[in-house]
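Presented below is the structure to which this report refers.
The values are calculated or read from the model by the stated rules, or taken from the named source; none is laboratory data. Owing to the predicted nature of the structure, the values given are computational and were not obtained by experimental measurement. For neighbour counting, all protein chains shown are included, and Cβ atoms are generated from backbone atoms with ideal geometry for every residue, glycine included.
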């Protein structure tokens, strides 16, 4: 009797993920690589809902914070795994000038605009415009932001393609085009805990972090850069060689204390580049899981989860508490529209904004 051939496991799976109050459907796409590696993307916020990756013994765990259902994402805004836009990070006083015109944005972080305003790209239900398994498992999501949305000039046609760019590597490639001069700074806002989110209790203070930056931007208590870059030498911001995240977190150093930890832009060596290069490396010594972040952006915001306050319960019934996860957000610098000395965030008609970051996982 002939044996039936076993169907191969699909590398791309598309399924429902609930409905919004207006009846619009949210969807989830699962992208699969090797060794059980899997990334789950939802259309709401074009967000990474889960990433499963093995430890040194081959045991899989989900390593990003998220919510179990759509209702959780809608009810409380925490940027978990979301695509951030139009402008990631902060703009001082929610205002900037462009070609002699002043633009006022809604302020949603004290006196400042943060992560796109009151209803940024993380609060939009993106549209799946392409997906497939060749040349590698991928999904493309798009969002068309109208002129004047959240105070920003110009219609911005935006897309992000998530793809399995290596055996255990996820790529996020953002692009955008405009019909008027505008500013753009897109990023992914995943919160990582390489010990595994379900395990809980470990936090990220014992994670070892390396950042390829000789300088960082000191900030005010409100998180706005004070001016030019400062050297990391002799400061808790020197991650040029690996350090435990928590080893200097309680140092009597003003820049750490005013933000209750790390919440700063690191200026990557060489500035913006054509192709992604290594920006940061994180290792959890206990599990052996390693994350390398590669990007073509000039900066990366390192956030140590300072303001996770225990008010949100995420996947697996785990409450999100201070230092439970960390973020590494590739970007142009904060408040760039008001700082001509920083790398530009300007986008003009006929140009295409391109940002590619890669999240490469392994085990040691």
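Inside the stretch 204-238, can you point out the residues that are touching a strand residue (DSSP E or B) at 6+ places or on another chain (Cβ under 8 Å), in contact (Cβ under 8 Å) with a residue 40 or more places away in the chain and part of a loop (DSSP other than H, G, I, E, B)? Answer for the stretch 204-238, where residues must be touching a strand residue (DSSP E or B) at 6+ places or on another chain (Cβ under 8 Å), in contact (Cβ under 8 Å) with a residue 40 or more places away in the chain and part of a loop (DSSP other than H, G, I, E, B): 204, 205, 206, 207, 212, 217, 218, 222, 223, 224.
In the stretch 118-143, what residues are out of contact with any helix residue (DSSP H, G or I) (no Cβ under 8 Å at 6 or more places or on another chain) and in a loop (DSSP other than H, G, I, E, B)? Of everything in the stretch 118-143, those that are out of contact with any helix residue (DSSP H, G or I) (no Cβ under 8 Å at 6 or more places or on another chain) and in a loop (DSSP other than H, G, I, E, B) turn out to be 124, 126, 133, 134, 135, 136, 137. Among the residues of the stretch 62-79, some residue qualifies, meaning at least one is surrounded by fewer than 23 Cβ atoms within 10 Å (Cβ to Cβ), part of a strand (DSSP E or B) and at pLDDT 95 or above. Annotation: of all residues in the stretch 186-217 being at positive phi and surrounded by fewer than 18 Cβ atoms within 10 Å (Cβ to Cβ), the one that is nearest to the chain's Cα centre (by Cα) is 200.
Scanning the stretch 10-24 for residues that are touching a residue at least 24 places away in the same chain (Cβ under 8 Å), within 19 Å of residue 125 (Cα to Cα) and in a strand (DSSP E or B) yields a total of 4. When you check residue 43 against the structure, is it at pLDDT 95 or above and within 19 Å of residue 165 (Cα to Cα), yes or no? Here the answer is no, as residue 43 does not meet what is asked. Number of residues in the stretch 144-163 that are farther than 12 Å from residue 356 by Cβ and either within 17 Å of the chain's Cα centre (by Cα) or assigned to a loop (DSSP other than H, G, I, E, B) (or both) equals 9.
Please determine, by comparing only the residues of the stretch 5-34 that are surrounded by fewer than 15 Cβ atoms within 10 Å (Cβ to Cβ) and closer than 18 Å to residue 137 by Cβ, which one is modelled with the lowest pLDDT. The selected residue is 7.
Residues in the stretch 187-198 that are part of a loop (DSSP other than H, G, I, E, B) and touching a helix residue (DSSP H, G or I) at 6+ places or on another chain (Cβ under 9 Å) were compared, and the one that is farthest from residue 283 (Cα to Cα) is 198.
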